[in-house]
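> Let me begin by handing over the structure; questions about it come next.
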Amino acid sequence: MKATRARRIIQITVFIGMFIIPLLNLLEIYFIKGTFISMDIGSLGIADPVMIFQALLSGMSAAGVLLVSVVIPLLLVLFFGRVWCSWACPYTLILQLAERLPFLRKRILSNKAKATANNFRVRLLRYAVFIGFFVLVGIAGVPILHLFSPPAVISTQALLLVKTAALSVELLFIVVILVIDLRFSYRFTCRVLCPTGTCLSLFKTSKSLQVQYAGECSNCGACVKACPMKLDPKQESGDRLCYNCGECIEACQDASKPLKWGFGEK
Amino acid sequence: MNLRNLLNNNPFKADFKKNRLRPPGAVAEDKFMERCIRCGRCIAVCPYRCIERADASDGLQVGTPYIYADKKACQLCMLCTQVCPTGALDPSFTQPEQPRMGLAKIDENTCLNYIYARDEARGYTDGTALYCNTCHNVCPLQDSAIILQDFIVPIVTDLCTGCGICVERCPTEPRSVEIIPAGMGDADRAGLYHLRNRLQKDYTSSDEVLHGDTLLDEKSKLSSGEDEFNFEANFNTDTKIEGWE
């Protein structure tokens, strides 16, 4: 099975699961509960690390905070990299489906061509935005990143929709970043804005799962063209921006298969 | 530390409204605002759908859980305290008597039982008096959180959890009982609410709430064993009815 298809199946499962979980709660089945901010499966706590870290900052104490719940996401990142973003995040699914709309196609291709491949600048902007978010949390003295993390907003709205049959104004944020991503700047949210993605990528190491480039190839550039993060898989496969979607491996036409999955740098 | 104090005194962090409560077991409002990551787990597990999510019109409170006592009051099932991931709702709160979400305050001018008591004292009625007792009947901590003084006047004690069921069920219009959320009367913690209502009097330190010894005195009067009532019947009760025994 192609990685893209497996990825799409997992993404859609997660997306539907977002609505199934509150539905189960309505039927008073509490085995699995919560949103992508923080979730319980059985007695196993799983939380978005950036949400827990901001609560530590605003509360200035670890008292009562379920620090254990960040262990599973961080282990996932340590072993497999930022796979949440490419394999599960509901916003990535929505964005990828929207990018397929025929009337947007031309605009997106030109945006992608225009987007800077200078990843030093992207990285700088990304960390500046991330630190900016935490300064904002510090000034407000209140955790506010639930308003700026796309998976958090989408899953909260799914909960609201199922539980109260209503949506709230925060959904506008998703509309705004969709317009930015589709109209103005290619994948701005995933590359720069998203605090969840930035936080996860900080825990990636050089030993994590990544795309490895072995030896020679025809340098056709198909992988560079395919990369949704505007990276060059031949040189920057271990970059923190890479979210392990595997599209470069699939795009590669070379018979010797120079790109493949592997742990650590080759 | 000074910078932190300055940042922490953000008045928008604490805003209060009557009948708008935090879920049971919530820590003090400013601590709650710092700790709550707005994950919505308490909203997800609430089987009575009484916990609602604050929306953007609530300002900095957006995303936090609220219980609107006049819409759907808390039923004290205590499921939400067990699911909070950051301790904004204290997990040691497992019994329905434990939480102090607020304090019920009964309006003596409109409460039907108070009117009844006043009318009885002065000897005539203008027709609005009614032996209502709804708040006493629906209270989950009947005879400890609300007691009936002289079997007529409902009095709130300091055992009131502030669940708001009495508010939800109060039959008068406007409601004669409202919940003052915990921390609303505390000038140091009431932030925005305090700035808006600097001149308003402190509701929570009201004398209407019974504490300590006065509470015990009033509760001891509730037992019907000591007083013997002499009912004078206007018919003869001595005669034995044939066929009985």
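The values are calculated or read from the model by the stated rules, or taken from the named source; none is laboratory data. In this text the structure is predicted, and so the values were computed from the model without any measurement. Positions of Cβ are generated from backbone atoms using ideal geometry, with glycine treated the same way; all protein chains shown enter the neighbour counts.
> Of the residues in region B:2-27, how many are in contact with a Gly (Cβ under 6 Å, 6 or more places away or on another chain) and modelled with pLDDT of 85 or more?
1
> Same structure again: Of the residues A:55, A:62, A:3, which is touching an Asp or Glu at 6+ places or on another chain (Cβ under 7 Å) and modelled with pLDDT under 90?
A:3
> Let me ask you something else. Can you pull out every residue in region A:5-37 that is surrounded by 13 or more Cβ atoms within 10 Å (Cβ to Cβ) and among the hydroxyl-bearing types (Ser, Thr, Tyr)?
A:30, A:35
> Right, something else. Any idea which of B:85, B:65 is at pLDDT below 90 and within 14 Å of residue B:45 (Cβ to Cβ)?
Only one candidate passes the filter, namely B:85.
> Looking at region A:22-37, which of its residues are closer than 15 Å to residue B:79 by Cβ and at the interface with chain B (Cβ under 7 Å from one of its Cβ atoms)?
Scanning region A:22-37 gives A:22, A:25, A:28, A:30, A:33, A:34.
> Kindly indicate whether residue B:97 is of a type in the set (D, E, K, R), surrounded by fewer than 22 Cβ atoms within 10 Å (Cβ to Cβ) and more than 8 Å from chain A (Cβ to nearest Cβ).
yes
> Any residue at all in region A:211-218 that is in contact with a Phe, Trp or Tyr (Cβ under 8 Å, 6 or more places away or on another chain) and away from chain B (no Cβ under 14 Å)?
yes
> If we scan region A:58-65, do we find a residue that is within 14 Å of chain B (Cβ to nearest Cβ), part of a helix (DSSP H, G or I), without any contact (Cβ under 8 Å) to a residue 40 or more places away in the chain and buried (at least 16 other Cβ atoms within 10 Å of the Cβ)?
yes
> For region A:222-248, how many residues are surrounded by 22 or more Cβ atoms within 10 Å (Cβ to Cβ) and over 18 Å from the mean Cα position of the chain (by Cα)?
2
> Let me ask something else about it. How many residues are touching a helix residue (DSSP H, G or I) at 6+ places or on another chain (Cβ under 7 Å) and at pLDDT below 90 if we restrict to region B:97-126?
2
> Let me ask you something else. Looking for something touching a strand residue (DSSP E or B) at 6+ places or on another chain (Cβ under 9 Å), within 23 Å of residue A:196 (Cα to Cα) and within 11 Å of another protein chain (Cβ to nearest Cβ) - is there at least one such residue anywhere in region A:144-156?
Checked against the condition, which is being touching a strand residue (DSSP E or B) at 6+ places or on another chain (Cβ under 9 Å), within 23 Å of residue A:196 (Cα to Cα) and within 11 Å of another protein chain (Cβ to nearest Cβ), region A:144-156 yields at least one hit.
> From the set of residues in region B:33-76 that are more than 9 Å from every other protein chain (Cβ to nearest Cβ) and in a helix (DSSP H, G or I), which is nearest to residue A:139 (Cα to Cα)?
B:59
> Return the residue satisfying two criteria in turn: it lies in region A:157-203 and is within 27 Å of residue A:101 (Cβ to Cβ) and among the charged types (D, E, K, R), and of such residues it is nearest to the other protein chains (Cβ to nearest Cβ).
Ranking the qualifying residues of region A:157-203, first place goes to A:170.
> Report whether or not residue B:107 is within 13 Å of chain A (Cβ to nearest Cβ), in contact (Cβ under 8 Å) with a residue 24 or more places away in the chain and closer than 26 Å to residue B:170 by Cβ.
No: the conditions fail for residue B:107.
> Can you pull out the residues in region B:135-172 that are without any contact (Cβ under 8 Å) to a residue 12 or more places away in the chain and outside any loop (DSSP other than H, G, I, E, B)?
Passing the criteria: B:137, B:142.
> Residue B:84 versus (1) among the hydrophobic types (A, V, I, L, M, F, W, C); (2) within 18 Å of residue A:163 (Cβ to Cβ); (3) facing chain A (nearest Cβ under 8 Å); (4) touching a residue at least 24 places away in the same chain (Cβ under 8 Å): which is the lone unmet condition?
(3)
> Look at region B:8-32 and say how many of its residues are more than 9 Å from every other protein chain (Cβ to nearest Cβ) and surrounded by 19 or more Cβ atoms within 10 Å (Cβ to Cβ).
Residues in region B:8-32 being more than 9 Å from every other protein chain (Cβ to nearest Cβ) and surrounded by 19 or more Cβ atoms within 10 Å (Cβ to Cβ): 13 in total.
> What number of residues within region A:66-78 satisfy the criterion of being under 22 Å from residue A:35 (Cα atoms), away from chain B (no Cβ under 14 Å) and either surrounded by fewer than 17 Cβ atoms within 10 Å (Cβ to Cβ) or touching a Leu at 6+ places or on another chain (Cβ under 8 Å) (or both)?
Residues in region A:66-78 being under 22 Å from residue A:35 (Cα atoms), away from chain B (no Cβ under 14 Å) and either surrounded by fewer than 17 Cβ atoms within 10 Å (Cβ to Cβ) or touching a Leu at 6+ places or on another chain (Cβ under 8 Å) (or both): 3 in total.
> Out of A:48, A:40, which single residue is crowded, with 22+ Cβ neighbours inside 10 Å, more than 15 Å from residue B:88 (Cβ to Cβ), of a type outside the set (Gly, Ala, Ser) and within 7 Å of chain B (Cβ to nearest Cβ)?
Step by step, each of A:48, A:40 is checked, and only A:40 is crowded, with 22+ Cβ neighbours inside 10 Å, more than 15 Å from residue B:88 (Cβ to Cβ), of a type outside the set (Gly, Ala, Ser) and within 7 Å of chain B (Cβ to nearest Cβ).
> Okay, moving on. Before we move on, is residue A:54 more than 9 Å from chain B (Cβ to nearest Cβ), under 18 Å from residue A:151 (Cα atoms) and polar (S, T, N, Q)?
no
> Just checking, does region B:113-120 include any residue being polar (S, T, N, Q) and surrounded by fewer than 15 Cβ atoms within 10 Å (Cβ to Cβ)?
No, there is no match, as no residue in region B:113-120 is polar (S, T, N, Q) and surrounded by fewer than 15 Cβ atoms within 10 Å (Cβ to Cβ).
> Let me ask something else about it. Would you mind stating whether residue A:81 is more than 9 Å from every other protein chain (Cβ to nearest Cβ), surrounded by 19 or more Cβ atoms within 10 Å (Cβ to Cβ), of a type outside the set (Val, Ile, Thr) and touching a Lys or Arg at 6+ places or on another chain (Cβ under 7 Å)?
Yes: the conditions hold for residue A:81.
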